[in-house]
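**Student:** The structure under discussion is supplied below as structure tokens; questions concerning it will follow.
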Amino acid sequence: MSAEHSIRTLLSASPLAPNEARILLSHVLDKHYQLSRSALLSKDDLVLDPRALSDWKTLESKRLAGEPVAYLIGKKGFHAIELTVAPGVLIPRPETELLVDIALDAIKTIAEPIHVLDLGTGSGAIALAIAHSANHVALTATDQSLEALKIAQQNACNLQLDTRVHFKQGSWYQALEANDLFDVIVSNPPYIAKGDMHLVQGDLRFEPQSALTDDLDGLSCLKAIIFGATAHLKPKGLIAVEHGFDQREAVMAIMAEAGFRDIQNHADLAGHPRVSTARK
Ligand SMILES: C[S@@+](CC[C@H](N)C(=O)[O-])C[C@H]1O[C@@H](n2cnc3c(N)ncnc32)[C@H](O)[C@@H]1O
């Protein structure tokens, strides 16, 4: 085995972005040698054996072909938790942590028992992050996709939150009983319009299209969720939805049309209007 297959040389020779090369190589070191990320520096003269080297080459070439890092390593950090992810679910985005923080703030002001609904839960990201940070809250999380719900359920078990988060399958509120009521409803639905060029670029090419686009104008899921919330929120209950940076006016208008009050918009860390909230 030659020094050209040492950690140091593989990293410096890789055409990948340095942070991505480090994440992928660290994944290989964990899998083959049970070494933590610090080995990238502390053992950088370690020469990879043929099986580890072959794994590294495969990951490197898949990433060069555009596959998202999170799918390649099978996990993604979100809020205060780590989630298993696979091509059947959207990779949770840092912007969505704003929705979690808004829900957690609202929860602080509500008397127990507190029930929160997450519509279109995907990997379970929003519901599980809320459950992890607010251990007195009960959650229901829905998705239309059985594949997504399987991954979400696995994440709930891994995080030991499976007794607190209940998963249901169905289209938006059809997954629920007619008289199910919640203090807070959160959702990050598909809101990209049909034909949007982002759908054929970058990581999005590898994610489920049904998680990204409504195949219409981008507002149809938001409308269904906001109008449906009137029947499933307790009095003064909060609805909080994520949307595109250019959908603020449209979403706030839908909330007004549905009869909500105290309609507000919240910007993400980059300053983009990202979440709209309203009260029943
Ligand atoms: C943008 S992804 C959000 C996933 C996750 N909540 C997150 O923030 O990472 C939208 C999710 O909505 C689900 N979805 C799409 N249409 C749906 C419908 N009609 N009813 C329920 N869920 C739906 C998709 O399967 C997908 O998991």
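**Student:** Please state which of the following conditions Ala129 fails to meet, knowing it meets all the rest: (1) crowded, with 24+ Cβ neighbours inside 10 Å; (2) among the small types (Gly, Ala, Ser); (3) away from the ligand (no atom under 14 Å from the Cβ).
**Tutor:** Among (1) crowded, with 24+ Cβ neighbours inside 10 Å; (2) among the small types (Gly, Ala, Ser); (3) away from the ligand (no atom under 14 Å from the Cβ), Ala129 violates only (3).
**Student:** Confirm whether Leu161 is in the same structural domain as His232 (by TED's automatic domain parsing), within 16 Å of the ligand (Cβ to nearest atom) and over 16 Å from the mean Cα position of the chain (by Cα).
**Tutor:** yes
**Student:** Given the conditions (1) in contact with a strand residue (DSSP E or B) (Cβ under 6 Å, 6 or more places away or on another chain); (2) under 30 Å from Leu64 (Cα atoms); (3) not β-branched (Val, Ile, Thr), report the number of the one that Asp215 does not fulfil.
**Tutor:** Failing condition for Asp215: (1).
**Student:** When the residues of the stretch 203-239 are narrowed to those that are within 19 Å of Ala125 (Cβ to Cβ) and small (Gly, Ala, Ser), which ends up farthest from the chain's Cα centre (by Cα)?
**Tutor:** It comes out as Ser210.
**Student:** So, one more: Collect the residues in the stretch 122-135 that are in a loop (DSSP other than H, G, I, E, B) and under 8 Å from the mean Cα position of the chain (by Cα), keeping them in residue-number order.
**Tutor:** Answer for the stretch 122-135, where residues must be in a loop (DSSP other than H, G, I, E, B) and under 8 Å from the mean Cα position of the chain (by Cα): Gly122, Ser123, Gly124.
**Student:** If you go through the stretch 65-84 one residue at a time, do you hit one that is touching a helix residue (DSSP H, G or I) at 6+ places or on another chain (Cβ under 7 Å), part of a helix (DSSP H, G or I) and farther than 23 Å from Thr9 by Cβ?
**Tutor:** Yes, that holds for at least one residue.
**Student:** Quickly run through the stretch 173-192 and pick out the residues that are surrounded by fewer than 19 Cβ atoms within 10 Å (Cβ to Cβ) and assigned to a helix (DSSP H, G or I).
**Tutor:** Gln174
**Student:** Right, something else. From Asn188, Asn155, Asn179, Asn135, which residue is near the ligand (Cβ under 9 Å from one of its atoms) and either of a type in the set (S, T, N, Q) or in the same structural domain as Glu97 (by TED's automatic domain parsing) (or both)?
**Tutor:** Only one candidate passes the filter, namely Asn188.
**Student:** If you take the residues of the stretch 103-122 that are away from the ligand (no atom under 13 Å from the Cβ) and charged (D, E, K, R), which of them is farthest from Pro208 (Cα to Cα)?
**Tutor:** Restricting to residues being away from the ligand (no atom under 13 Å from the Cβ) and charged (D, E, K, R), the top hit is Glu112.
**Student:** Continuing with this model, one more query. Please give the number of the condition Ala103 fails out of (1) in contact (Cβ under 8 Å) with a residue 40 or more places away in the chain; (2) more than 18 Å from Lys234 (Cβ to Cβ); (3) among the small types (Gly, Ala, Ser).
**Tutor:** Result: Ala103 passes all but (2).
**Student:** Return the pair list, or none, for Cβ contacts closer than 6 Å from residues in the stretch 112-133 that are over 18 Å from Lys76 (Cα atoms) and modelled with pLDDT of 95 or more to residues that are of a type in the set (Phe, Trp, Tyr) and within 7 Å of the ligand (Cβ to nearest atom), at least 6 apart or on different chains.
**Tutor:** Partner pairs satisfying both residue conditions: Leu119/Trp172.
The values are calculated or read from the model by the stated rules, or taken from the named source; none is laboratory data. Everything numeric here is computed off the predicted structure, so don't read it as measured data. Note: ideal-geometry Cβ built from the backbone for every residue, glycine included; neighbour counts use all protein chains shown.
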